[in-house]
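To keep things clear, I will list the structure first and then write my remarks on it.
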Amino acid sequence: MADEIKLPELESRNFIHAFIEEDIAPGGQYEGMTVHTRFPPEPNGYLHIGHCKALTIDFGTAEKYGGLCNLRMDDTNPTKEDEEFVEAIKEDIHWLGFDWGDRFFYGSDYFEEDYRQAEGLIKKGLAYVCQLTPEEFKEYRGGVGVPARSPWRDRPIEESLDLFHRMRAGEFPDGAMTLRAKIDLASGNFNMRDPVLYRINHLPHHRHGNTWCIYPMYDFAHPIQDALEGITHSLCSLEFEAHRPLYNWVVEHCDLPSKPRQIEFARLGIDHTVMSKRKLRRLVEEGRVSGWDDPRMPTLCGLRRRGYTPRSIRSFCERIGVAKSANIVEYGFLEHCLREDLNETARRVMAVLRPVKLTVTNYPEGKTETVTVENNPVDPAAGTREVCFSRSLWVEAEDFLEAPVPKYKRLYPGGPECRLKGAYLIRCTGCVKDQAGNVTEILCEYDPESRGGDPADGRKVKGATIHWVDAATAADAEVRLYSDLFTDPDPDAADKDFIDCLNPNSLEILTGCKVEAALADASAPANFQFMRLGYFCLDSKDAAPGHLVFNRSVSLKDSFKK
RNA sequence: AGCGGGUUUGUGUAAAGGUAGCACAGCAGACUCUGACUCUGUAUGUGAGGGUUCGAAUCCUUCACCCGCUGCCA
């Protein structure tokens, strides 16, 4: 069962809604009918965030109008599809919180019906068996202003019917013949130039084994599947726009229980990100990433490992809107959506990434005490935890500067009073350096009257609050620095291979960039991801999901430096 | 070239002839036990020209530019 994911109510209304409302209004094509949609992934790869946009539209539209959305594996081409992907796809969709109930289907389960419909078309003289070889087919296809040709177009119905039966019976090798719709060889829309309806392919199907050796094309199978399932609105991406006339042709000429309508929308683009399934597949196959769930991938399972929450991804997809113009959303917006969610839900733990020793010189040697820190300042219900404090601590190296820059309000000799989060107020008194001039130890004095972080006299603290960990009790942790497979420049714009556009930093990180980290909370999980913009995220592949928030930021631009 | 689409601020998206709004990013402040979060303020936009109208992002028209299609893939 899918997890319930609560999203804020959005006043969303887009052009698809406008079409649908026309359709179901009095006098409309679907007056009085319930709107039904479907999400039809092809099981030939893993789902990525672009699919979440489609999911959001498909499920969201059905829900908005009180209908249902089916999940249907679009598996009409056995060359690429595999059962491996079916389960992964279902898992990812459930992870996002979408629920198809008991309406899970396979396009291939309609093969018999597809076949029957094809026979019907032949009998009506609307389809014929064409014996052009693939090479001839290409040659005879024509061009702009030049009609296509097929010498088999006017073959008698009985002959086509017979050949079609024998195609199914396996009498012919791959590519020997096809079943084509008889539409318009001169159409300016190439999809209407007698499109192929069936091709021969002697390849076992992942579900039907060797039952079939002819398989219906998407353009033929899809409208039939939609109609059979009672889908009223078949929402798909823009590249199918030119196929809509063919979709309508099939709906019109086949013997179907309903007449679904196809509406297209623009697919999601995100800057600096590789999104096409073809490219993602190549990254996996060439071993440039560890798998489909490599944390740098924009796949749902990759994002999951990087610590993205389902809610944040859904929120993102809700808020980017739906239109027909090409769009490239800034990656920063995705991050905003994550931050927004994490800020409310992530349990905080103090951690130090690039540690430098800090000694509280006036704190008794050998003494230890525990202080209380809240687990999530914006959610008191998250409770508090006890953290060990002593004379010797680790703090972030960047929290100290020997010579301060303007507006710097952290530690420097003679600087402002700062707060060690949840512990005491301190004042920096100096530092110790090695021969090379590197700071090896920060020295400070604390105010014993400020236990818990608040001064006894209620004075304002000018400096920043600094996170820290106790040197003696800190747990070592391996922190993995992940970034996306950011590309620069845009992989689609350049005429070079997108592999050459990948951010070299993210490739380097693949080898396992380890950063020493000490965790204040000894019970904290030992396996973290460090996300840009200041979040630690637990690698949910190895342990239960969770997040730790860190208080420094790194921007996208920084990921290209060095 | 033929067919099909598209064009609202840096990005995404609203405005169904009637104040061009929202979110993110930016900038400037305030607040804060995370330089986070939150809050406040602020700059930037209807591709171009003509027409209809009291009034046009919206309707008409001409043009410009951008994208998709020419698999026996989906």
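The values are calculated or read from the model by the stated rules, or taken from the named source; none is laboratory data. These numbers come from a predicted model, not from an experiment. A quick note on method: Cβ atoms are made from the backbone with ideal geometry, for glycine too, and the neighbour counts reach across all protein chains shown. Keep in mind that these areas ignore ligands, DNA and RNA; they rest on the heavy atoms of the full protein, side chains included. Shrake-Rupley method; radii C 1.70, N 1.55, O 1.52, S 1.80 Å.
Values as computed for the structure displayed
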read-out: Positions within the range A:236-256 being within 19 Å of residue A:16 (Cβ to Cβ), open to solvent by less than 40 Å² (accessible area, probe 1.4 Å) and aliphatic (A, V, I, L, M), in sequence order; value: A:251
read-out: Which numbered condition residue A:339 misses (of (1) assigned to a loop (DSSP other than H, G, I, E, B); (2) in contact (Cβ under 8 Å) with a residue 40 or more places away in the chain); value: (1)
read-out: Residues of the range A:178-204 satisfying the condition of being within 36 Å of the chain's Cα centre (by Cα) and part of a loop (DSSP other than H, G, I, E, B); value: A:189, A:195, A:201, A:202, A:203, A:204
read-out: Filtered residue count, the range A:412-424, keeping only those that are more than 9 Å from RNA strand B (Cβ to nearest atom) and either open to solvent by 70 Å² or more (accessible area, probe 1.4 Å) or in contact with a helix residue (DSSP H, G or I) (Cβ under 6 Å, 6 or more places away or on another chain) (or both); value: 1
read-out: Filter pass, residue A:403 being part of a loop (DSSP other than H, G, I, E, B), open to solvent by 10 Å² or more (accessible area, probe 1.4 Å) and more than 9 Å from RNA strand B (Cβ to nearest atom); value: yes
read-out: Count of the range A:100-146 residues which are more than 16 Å from RNA strand B (Cβ to nearest atom), part of a loop (DSSP other than H, G, I, E, B) and open to solvent by less than 60 Å² (accessible area, probe 1.4 Å); value: 5
read-out: The range A:174-202 residues that are on the phi > 0 side of the Ramachandran plot, paired with ones that are surrounded by fewer than 16 Cβ atoms within 10 Å (Cβ to Cβ) and part of a helix (DSSP H, G or I) (beta carbon under 6 Å, 6 or more apart); value: A:175/A:134
read-out: Given (1) surrounded by 15 or more Cβ atoms within 10 Å (Cβ to Cβ); (2) touching a Lys or Arg at 6+ places or on another chain (Cβ under 9 Å), number of the condition residue A:356 does not satisfy; value: (2)
read-out: Residues of the range A:369-398 classified as under 14 Å from residue A:446 (Cβ atoms) and in contact with a Cys (Cβ under 9 Å, 6 or more places away or on another chain), total; value: 2
read-out: Contacts under 7 angstrom Cβ, first residue in the range A:267-292 being in contact (Cβ under 8 Å) with a residue 12 or more places away in the chain, partner buried (at least 21 other Cβ atoms within 10 Å of the Cβ) and of a type in the set (Asp, Glu), 6 or more apart; value: A:273/A:484
read-out: Hits in the range A:147-158 - residues which are outside any helix (DSSP H, G or I) and not hydroxyl-bearing (Ser, Thr, Tyr); value: A:147, A:148, A:149, A:151, A:152, A:153, A:154, A:155, A:156
read-out: Any chance residue A:342 is open to solvent by less than 20 Å² (accessible area, probe 1.4 Å), modelled with pLDDT under 90 and not acidic (Asp, Glu); value: yes
read-out: The range A:54-66, residues that are among the charged types (D, E, K, R) and open to solvent by 10 Å² or more (accessible area, probe 1.4 Å); value: A:63, A:64
read-out: Boolean, residue A:207 is in contact (Cβ under 8 Å) with a residue 24 or more places away in the chain, open to solvent by 10 Å² or more (accessible area, probe 1.4 Å) and outside any helix (DSSP H, G or I); value: yes
read-out: Elements of type helices (runs of 4 or more DSSP H) contained in the range A:277-331, each with 1 or more residues being closer than 30 Å to residue A:19 by Cα and open to solvent by 40 Å² or more (accessible area, probe 1.4 Å); value: A:277-285, A:310-319
read-out: Matching residues, the range A:446-475, being buried (at least 16 other Cβ atoms within 10 Å of the Cβ) and acidic (Asp, Glu); value: A:447, A:470
read-out: Within the range A:210-234, tally of residues that are open to solvent by less than 10 Å² (accessible area, probe 1.4 Å) and not in a helix (DSSP H, G or I); value: 7
read-out: Subset of the range A:308-353 that is within 30 Å of residue A:385 (Cα to Cα) and of a type in the set (S, T, N, Q) - its residue that is nearest to RNA strand B (Cβ to nearest atom); value: A:343
read-out: Within the range A:346-400, strands (runs of 3 or more DSSP E) holding 1 or more residues that are modelled with pLDDT under 85 and touching a Gly at 6+ places or on another chain (Cβ under 8 Å); value: none
read-out: Subset of the range A:258-268 [within 14 Å of RNA strand B (Cβ to nearest atom) and surrounded by fewer than 17 Cβ atoms within 10 Å (Cβ to Cβ)]; value: A:266
read-out: Single match in A:309, A:299 (criterion: β-branched (Val, Ile, Thr) and under 30 Å from residue A:232 (Cα atoms)); value: A:299
read-out: Residue A:390, sole failed condition from (1) among the polar types (S, T, N, Q); (2) open to solvent by less than 20 Å² (accessible area, probe 1.4 Å); (3) under 28 Å from residue A:340 (Cα atoms); value: (3)
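Yes/no per residue for (1) part of a loop (DSSP other than H, G, I, E, B); (2) of a type outside the set (Phe, Trp, Tyr); (3) open to solvent by 10 Å² or more (accessible area, probe 1.4 Å); (4) within 13 Å of RNA strand B (Cβ to nearest atom):
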{"position": "A:34", "(1), (2), (3), (4)": "yes, yes, yes, no"}
{"position": "A:43", "(1), (2), (3), (4)": "yes, yes, no, yes"}
{"position": "A:52", "(1), (2), (3), (4)": "no, yes, no, no"}
{"position": "A:88", "(1), (2), (3), (4)": "no, yes, yes, no"}
